[in-house]
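Trainee: Sending over a structure as structure tokens; questions will come in a sec.
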Amino acid sequence: MNFPGGGAGGFPGAGGFPSAGGSPGSSASPPMPMPQGDPNVKMLQNLMESCYAKTVMSGAAGFALGGVFGMFMASMAYDTPYHSPTTPGSATTPAIPGIKPPVDISSLPLRKQLAHGFKDMGARSLSTAKNFGQVGALFSGIECGIEGLRAKNDLANGVAAGCLTGGILARNGGPQAAAIGCAGFAAFSAAIDAWMRMPKDED
């Protein structure tokens with residue numbers, strides 16, 4: 001419905017409603033076209049979806065998580081003294097010629113006690129971070145390879161990757177240890193993967 005003297009929008013002296021980002025009476029400007037088929041974007045997407053990138057990212061995430069976990073566990077180990085009266089370095093332990101006996105940490109000044117404690121916590125945290133990073137990178141790389149070979153994304157990929165990861169990590173302990181590691185990692189991976197695939201309740 002047009003009023004007398006109205007413009008294109010039907011209101012007197014107006015050229016329609018003002019568009020977003022424009023002035024009254026001006027026509028709506030077309031949206032800026034998004035780049036389609038950009039080779040750089042495709043290359044970045046393919047790189048992030050590759051097994052190499054997934055392995056590196058999982059290893060880095062495992063390393064960071066292991067560092068935090070190792071720091072926490074190391075801090076919990078300082079609720080008892082370093083040496084008891086029957087451990088080497090105490091007053092009841094005879095000295096061995098040519099070998100410097102260990103010093104009781106409680107006899108050191110506070111600054112040296114703190115330095116020794118932080119050094120030990122850092123070493124434990126680094127060791128745990130390396131272990132977590134190794135597990136994360138190994139599991140992610142194996143799972144990505146299995147998924148690529150099977151061309152499927154289901155629970156079997158995680159179970160197989162967990163079994164292979166556990167077997168590889170426990171290979172130095174013999175066949176029995178490798179079998180136990182395979183079963184343990186496979187069961188843990190299946191439980192986590194099944195929980196992640198459960199339908200979420202939407203409010």
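The values are calculated or read from the model by the stated rules, or taken from the named source; none is laboratory data. Model, not experiment: these values are computed from the prediction. FYI the Cβ positions are ideal-geometry reconstructions off the backbone, even for glycines, and counts take in every protein chain you see.
Trainee: Within region 24-69, track down each residue that is assigned to a loop (DSSP other than H, G, I, E, B) and at pLDDT 75 or above.
Mentor: GLU49, SER50 - these are the residues of region 24-69 that are assigned to a loop (DSSP other than H, G, I, E, B) and at pLDDT 75 or above.
Trainee: Every residue in region 129-188 that is farther than 19 Å from ALA61 by Cβ and either aromatic (Phe, Trp, Tyr) or outside any helix (DSSP H, G or I) (or both), please.
Mentor: Answer for region 129-188, where residues must be farther than 19 Å from ALA61 by Cβ and either aromatic (Phe, Trp, Tyr) or outside any helix (DSSP H, G or I) (or both): ALA151, LYS152, ASN153, ASP154, ALA170, GLY174.
This table checks each residue for (1) crowded, with 19+ Cβ neighbours inside 10 Å; (2) closer than 22 Å to GLY66 by Cβ; (3) more than 25 Å from the chain's Cα centre (by Cα).
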{"residue": "GLN113", "(1), (2), (3)": "no, no, yes"}
{"residue": "MET121", "(1), (2), (3)": "no, yes, no"}
{"residue": "LEU126", "(1), (2), (3)": "no, yes, no"}
{"residue": "GLN134", "(1), (2), (3)": "no, yes, no"}
{"residue": "ILE168", "(1), (2), (3)": "no, yes, no"}
{"residue": "GLY174", "(1), (2), (3)": "no, no, yes"}
{"residue": "SER189", "(1), (2), (3)": "yes, yes, no"}
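Trainee: Next up: Considering each of LYS130, LYS152 in turn, give the residue that is within 27 Å of TYR52 (Cβ to Cβ), out of contact with any Leu (no Cβ under 8 Å at 6 or more places or on another chain), modelled with pLDDT of 90 or more and of a type in the set (Lys, Arg).
Mentor: Testing whether each residue is within 27 Å of TYR52 (Cβ to Cβ), out of contact with any Leu (no Cβ under 8 Å at 6 or more places or on another chain), modelled with pLDDT of 90 or more and of a type in the set (Lys, Arg) leaves just LYS130.
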